[in-house]
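The values are calculated or read from the model by the stated rules, or taken from the named source; none is laboratory data. All of these numbers come straight from a predicted model, not from anything done at the bench. Cβ atoms come from the backbone with ideal geometry, glycine included; neighbour counts cover every protein chain shown. What goes into the accessible areas is simple: the full protein's heavy atoms, side chains included, and nothing from ligands, DNA or RNA. Shrake-Rupley method; radii C 1.70, N 1.55, O 1.52, S 1.80 Å.
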Amino acid sequence: MASHQQSAAVPAPAPAAAATRRNEWRTVAMVLPYLWEYRGRVLLALAFLVTAKLANVGVPLVLKEVIDALDLRQAALVLPLAWLVAYGALRLSNTLFAELRDLVFVRVTQRAIRRIALTVFRHLHSLSLRFHLDRQTGGMTRDIERGTRGIGTLMSYMLFSIIPVILEFSLVAAVLLTKFDWRFTAITFTAVGIYMGFTFFITEWRIEIRRRANDLDSKANTRAIDSLLNYETVKYFNNEEYEARRYDENLQSYETAAVRNEASLGILNIGQSCIIAIAVTLLMILAAQGVVAQTLTLGDLVLINGLLVQLYIPLNFLGMVYREIKQSLIDMDRMFRLLTQHREVEDRPGALPLAGASATVRFEHVDFNYDPKRQILFDVSFEIPAGAKLAVVGHSGSGKSTLARLLYRFYDVGGGHIRINGADIRDLQQSSVRGAIGIVPQDTVLFNDTIYYNIQYGRPDATHEEVIAAAQTAHIHEFVVSLPDGYEARVGERGLKLSGGEKQRVAIARAILKNPRIMIFDEATSALDSATEQAIQAELTRIAQGHTTLVIAHRLSTVMDADQILVMDGGRIVERGTHRELLERGSAYAEMWALQQQEEEAGRGGTQIKRELAVAVR
């Protein structure tokens, strides 16, 4: 009976079947270099495999001699001790060499899994921001999980299942041909041919069912992870049951597909068993007739039975192996497709590292769009001299944060140039450009680790003293030491255990620790209260000294000291100048300033009323 053990497989998209098969088998070529790297171990494992199979086939041959020696008709009165010892030795050798084979080969498998998983991981980090904004985390992680598991399955089964079956079949066929007449061999070969044809036909049909089941499984997993990542949003809107219903809909679809998959497995098992049962029955009838006619001995009958058992057990296994190999190829193909994802932003051949101890940033007639149908930036030009501070203000959606993303080269410009120290950033190594920039983003996301780890992430080789100093500068040290676990306190998934202001101060400390040539503050104090904002704003001003600084802000009071202020609207620069110059101009910036002053006055008035009411109540 074929094994019921299943290996999860991730569905490929639905191209033509022939193209899909070609892509699946192409993954074998991607694994071969890892086998070649450890060819010594592979050859040793194969030697152990051959020895184990020779011992396995030798068992029924020795058992035949034991039976014949004990047959009273042959008047054998002496205990066949030598044959019994040989029988035990062969039994032990079969297990011993099989275990040695696995022990030698496990290093090859695990190293291949490690190397390929690392390659995929690095490639994912090299892909553009656009890919990661579009991805579904749950489905992608399941692809990688199944793909790495498929590597071990493929390597083990192809070497230690396909080759042994071929070897064992050849040895059994040789014994049947030399010791028995042609009918035994004819029945065996015919049964094996029918068995393999039936198995491959049904397995191909089952794989399509399995593709569908795995597709639904990935969707259910994506739904679950997405919901859990947005735990707070689910709670805000009291939508626990709504999320549970959506998850259950995916699970119901998977349940139906899984039932079909199991039913098809039953059909395969029944068909295989019928073929084997008919063949074994015919062969045993022939053997029994030979014993009755005294052309065969009882030992021959036992030998035939033993050979058939040893042949059909791996053949049963072969059906499962074929399924597992096919599914492993699908798993690996889905994972390897991640490696074919286009790197939207790549270093040009001969790209140079960013030179110079300081940095002058210049945007020259920059155009950009995320979507061809909607342009974001139009002919944007400005310069930030080395050590200067430039601020960009404007309404939401005006393109302010896009400037930071382009400077980091998360995307390439659609037109124009971005230069640092006169060099187009497309001619520079991405790692050197990003290494020269530190950012405090508006939406700070932290790793699910300790506060210390998240601050030190700005410069992993920083000393303990440097981490503490950065935290003190960011005005978060006092808060951290007040926690029961201090700097070892964990921040939770995406930093959810910290308030918005606390997360932002961790981000500020992280950027301070990096000590880059270019600083970007993208609404860096937006999540802070007024008192903390004033304290940190003074520190940010001090930190910015000597650094080329780009400040993206909504609160105009935080950019009054900038060397130049750009006002953006609809992806265009509509005004530029110092704070005083823009106020004197009395245009867009002056209107924004007046509006924010009114809002702050209203806020202060409301706070005063609350204080007076509180005093009156007392």
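What ranking of Trp182, Trp593 comes out by heavy-atom accessible area, probe 1.4 Å, highest first?
Details: Trp182 185, Trp593 50 Å².
Descending order: Trp182, Trp593.
Could you pull the accessible area for Ser587 with a 1.4 Å probe, rounded to 10 Å²?
Its accessible surface works out to 50 Å², give or take rounding.
Hey, if we sort Arg334, Arg39 by accessible area with the 1.4 Å probe, largest down, what's the order? Spell out each step's value before the answer.
On the way: Arg334 70, Arg39 110 Å².
Reading off the accessible areas and sorting them downward yields Arg39, Arg334.
Per residue of segment 41-58, what does 6.51 cos²θ - 1.76 cosθ + 1.60 with θ = phi - 60° give for ³J(HN,Hα)? Whole Hz please, x for Gly and Pro, Karplus curve as stated.
For segment 41-58, the Karplus-derived couplings read 5, 4, 5, 5, 5, 5, 5, 4, 4, 4, 4, 4, 5, 4, 5, 5, 6, x Hz, x marking Gly and Pro.
Going by average Cβ density within 10 Å per residue, which order do the peptides 440-449, 305-314 take, highest to lowest?
Details: 440-449: 17.9, 305-314: 19.5.
Packing order, densest peptide first, comes out as 305-314, 440-449.
Just reorder Val392, Val292 by solvent-accessible area, largest first, 1.4 Å probe, all chains present. Let's see the in-between values first.
Values: Val392 0, Val292 125 Å².
Putting Val392, Val292 in descending order of accessible area: Val292, Val392.
Note the full-extension length gain between Glu539 and Lys179 as 0.36 nm times their separation in residues minus their Cα-Cα distance, in nm to one decimal. Can you show the working numbers first?
Details: separation 360, 0.36 × 360 = 129.60 nm, distance 9.29 nm.
Stretched out fully, the Glu539 to Lys179 stretch lengthens by 120.3 nm.
Run the 1.4 Å probe and let me know the accessible area of Thr233, rounded to the nearest 10 Å².
Surface accessible to solvent at Thr233 totals approximately 70 Å².
Taking amide H atoms as placed 1.01 Å from N in the peptide plane, list the residues 5 or more away in sequence, or in a different chain, whose amide H sits under 5 Å from that of Val574.
Amide H to amide H, under 5 Å and 5 or more residues apart or across chains, Val574 pairs with Val567, Met568, Asp569.
How high is the relative contact order of segment 206-347, given as a whole-number percent (alpha carbon pairs under 8 Å, six or more residues apart)? Before the final figure, lay out each step's value.
On the way: 53 pairs, mean separation 34.9, N = 142.
Reported relative contact order: 25 percent.
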